[in-house]
Every structure is written in structure tokens, then in C-alpha cells.
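Undergrad: Before anything else, here's the structure in question.
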Amino acid sequence: MTYCEFVRSGKAHPVHLYYHDHVYGFPVESDDALFERLVLEINQAGLSWETILKKQDGFRAAYDGFVIARVAAYGESDIARLLADPGIIRNRLKVRAAVTNAQKILELQATHGSFKAWLDSHHSVPQQDKAAWVALFKKTFTFTGGEIVGEFLMSCAYLPGAHDLDCPQRTKA
């Protein structure tokens, strides 16, 4: 069952409805919003997307609104704080990945102007396929396997497939 079918089935928790209709597959302009999406996708590994959507506000509060420079500056006391926060996924590898990836995004901002510009530079013609994106992300970031990268890129409209061909949101994305 595709995500669109699941949302239309009437079995989806309401958190999925807003995400499907207004977020999933729509372009993202802000580096902080892109970072948020990456952190959420990393945290979803091994868990349901519903769990992540329900904790999204907790993640925003815990990670200072996903302001990249703030998260990149986190030290051990911040990591300990995050690992004790019941409002997020308390996994040491995922928490450290958020900090490390924020630091990496700062480097990309310094060399490309923005995280979005870096993504756009790799999205230009010829368009990269998922395998090329996964290789690029594995070389650049931490905790970014194929499923995480694929969902991140689909959710931000860098890869096609977020919505079914007959989904009304497809034309809006």
C-alpha cells in the first residue's frame, strides 16, 4: 500500500493527513527546514513514521528549532540533555548524527552558500538517481542509508514518487 493509499484508507492517524497533504513531496527552501527533515528521517530508522510525526514538536524544542549553527555547537552536556529527553528518540547514534550532520551542513554552507544550493547542484541535469544520491550522502553525512536518503529526498521533492499519479496532492507539490 502506498502512502497516499494509506492516508486515503481512513486508517491513518491524523498526523499523517497534514504531513501528506502539506509537507511530503513539496520543495523545501530553508536550510534549517531541510536539516529538520534529515534529522527526522534519521530518527525514523527502525521506527514508524507516525511515532516521529507525533514527536515532531518535541524534536523542534529539543533541537533548538533545528537552527543548524546551534545544533552544530552542541557539546557533551547537550548530548546528555537530548538522551534524557522523553520528547524525542533517545538513541545515542542518532543524536550524535544530528550534531555531526549539522557541522557538515555548516561546511556545505561555507562552500556552496547553503545546504539547499549543495542539494540543487547535485540535482541539476543530468538528474541523479537514488543510488548516486545515497553514495553522495554516505560520503558526506553520518547515519544516512538508502532508505533514509531516499525518503529525505522524496519528502523534499528531489526524487519523484512521493505521491501516486492519481493523488490530488501530486499536482500541488
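Undergrad: Determine which residues of the stretch 58-88 fall in the zone a paramagnetic label at residue 104 would reach in this model, i.e. backbone nitrogen under 17 Å from the point 7 Å along Cα→Cβ.
TA: 68-69, 71-74
Undergrad: Now for a separate question. Charges only on Cβ, +1 for Lys and Arg, -1 for Asp and Glu: so what's the dipole of the chain about the Cα centre, in debye to the nearest 20?
TA: Details: 19 positive and 20 negative charges, 72 e Å.
The dipole magnitude comes to about 340 debye.
Undergrad: While we're on this one: Where does the chain land on the Kirkwood hydrodynamic radius, alpha-carbon pairs, in angstrom?
TA: 16.6 Å
Undergrad: Then there is this: Let's test the formula: R0 of 22 Å, r as the Cβ-Cβ distance of residue 157 and residue 69. What FRET efficiency results, to the nearest 0.05?
TA: Numbers: r = 25 Å, r/R0 = 1.14.
The value I calculate is 0.30.
Undergrad: Shifting gears a bit: Calculate the radius of gyration of the Cα atoms of the stretch 1-72 to one decimal place, then report Dmax, the largest Cα-Cα distance, as a whole number, both in Å.
TA: Over the stretch 1-72's Cα set, Rg and Dmax evaluate to 13.1, 41 Å.
Undergrad: Where the eigenvalues come from the Cα gyration tensor of the stretch 70-131, what are the semi-axes √(5λ) of the equivalent ellipsoid, largest first, in whole Å?
TA: So the three semi-axes of the stretch 70-131 are 30, 15, 7 Å.
Undergrad: So for the pair residue 111, residue 90, with labels modelled 7 Å out along Cα→Cβ, what separation do we get in nm?
TA: 3.7 nm
Read-outs: derived from the displayed coordinates by stated rules, not from any lab. All of these numbers come straight from a predicted model, not from anything done at the bench. So basically every Cβ, Gly included, is an ideal-geometry build from the backbone, and we count neighbours across all protein chains shown.
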